[in-house]
Structure formats: structure tokens, C-alpha cells
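Input: a single structure, listed below in C-alpha cells.
Please treat every number below as a calculation from the coordinates, not as lab data. Since this is a predicted model, take the numbers as computed values, not measurements. Note that we place each Cβ from the backbone using ideal geometry, even for glycine, and neighbour counts take in every protein chain shown.
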Amino acid sequence: MSKTITVQELANRLKDGTVELIDVRTPVEFQEVRATDARNVPLHELNPEQVMSSRNGNADKVLCVICKSGARGGQAQQKFHDAGFTEVLNIEGGTEAWALAGLPVIRGQKVMSLERQVRIAAGAIVFAGALAALVTGNVWFAGIPAFVGAGLVFAGVTDTCGMGLLIAKMPWNQVGKGGSCCSVK
């Protein structure tokens, strides 16, 4: 069962010192804007046992997970539950709701969101496959956009995006590990 709290409840519990907050977005997204008390543990690298064993005296605190809007937080929460850790809360509305509520954030360089990167990649692949089918007359190229379309339907139904997980691992989505193609100047 998914347990959530609002950003205001989280802010109050952070003041009381009764919760610990991890942000499961990519390092680049985390660097752009984050709740002041969050530490980054990207979803694609999340190991619940490792997180729980490295809590440095915070093991008695409830663990809260936050992402951009709540979807990846829910996936992280499920990973913790599957590993046997049930005192994990997902933050309703994520970092977007936190910032909109006027709660304290740390802002860095503006970056392109993971969701936007997925839309660009999916669109480019669909366009290339459809164009290849039209130009060559080879109907097999039509399988490319069909495959991507099926992946998008799967992502919508399951709220899990394989392309998003893959793009999250790209060098430009890592802090200090590669290019900065997703920075917005």
C-alpha cells in the first residue's frame, strides 16, 4: 500500500527531525532544483538495502522519497517495500509541489527535464522509422515506430518508462561525468 504525505506535512516533519528525505531524480535534475534537506539517490541506482544501511544515525527516522512530481517517488517507494522496508513515504506532487508551496529550495543551473528528453527521443525514433519506411518502401521499417508506440503505451499503463531509465543513465544526465547538452543557457 502506497503511503504519501503532502509537502507541508514533510516540511513540518523535517523541522521536527522525524524524517529523512532522499530525492530519486537524476543528478542533473537534482542539481537544478531541490528541497534543501534532500540528498540525491537516483532511482536508476537505488539499492534499498544500501540506502538503509548508510543512514548514519537516521535509522529511527521515517524515510521520505521525492522526485519531480511523484511518479518516480512511487517507484522508489515500491522498491523499498519489495525489499521489506515499509516505513517509506512518497511526497505528493514532488519537488514541483514543494517549490510551488514556497518551501526552501536550492537552485542551480536550468536543465532539460527527463520527461522532455524522453519525448524528444521517442519522437525522433518514430519519425526516423516512419521516414525510412516511406523512403525505402520497406514495410519492416514501420516496426520501429510501432515498437516505440507499444513502449509508450506500456509506460503509460505501468507508470514505468524504460526509455526514461535508459536516458537517466546517459552522461549528460550525470553531474561531473560528461557533457552538458541538456543545460539551458
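Helix screen, the chain: DSSP H segments with Cα axial length of 18 Å or more and mean Kyte-Doolittle hydropathy at least -1.0 are 114-136, 143-158.
According to the Kirkwood relation over distinct C-alpha pairs, the hydrodynamic radius of the chain is 17.8 Å. In terms of overall dimensions, region 114-173 has a Cα radius of gyration and Dmax of 12.7, 37 angstrom.
If you wrap region 80-185 in the convex hull of its Cα atoms and look at it from every side, the mean projected area works out to 10.4 nm².
Across the cross-link table entries Lys61/Lys110; Lys15/Lys68; Lys68/Lys169; Lys3/Lys169; Lys61/Lys169, which are compared at the Cα atoms, the separations over 20 Å belong to Lys61/Lys110; Lys15/Lys68; Lys3/Lys169; Lys61/Lys169.
What nm value, rounded to one decimal, do you get for the distance between Val139 and Lys15 when each label is placed 7 Å out toward the C-beta? Inter-label distance under the simple model: 6.6 nm. Normalised by 2.2 N^0.38 Å, where N is the number of residues, the C-alpha radius of gyration of region 4-107 stands at 0.95. If the segment from Val105 to Thr6 were pulled out straight at 0.36 nm per residue, it would be longer than the present Cα-Cα gap by 34.0 nm. In this simple spin-label model, placing a label point 7 Å from the Cα along the Cα-to-Cβ direction at both Ala132 and Gln50 gives a separation of 3.5 nm. Separation of region 103-178 from region 12-26 is 30 Å, based on Cα centroids. For region 62-135, trypsin sites (Lys or Arg not before Pro) meeting the loop criterion (DSSP other than H, G, I, E, B) and having at most 15 other Cβ atoms within 10 Å: Lys110. Modelled spin-label separation between Val153 and Ser69, with each label point placed 7 Å from Cα along the Cα-to-Cβ direction: 2.2 nm. Net length available on complete extension from Asn40 to Ile120 is 26.3 nm, with 0.36 nm assigned per residue and the Cα-Cα distance removed.
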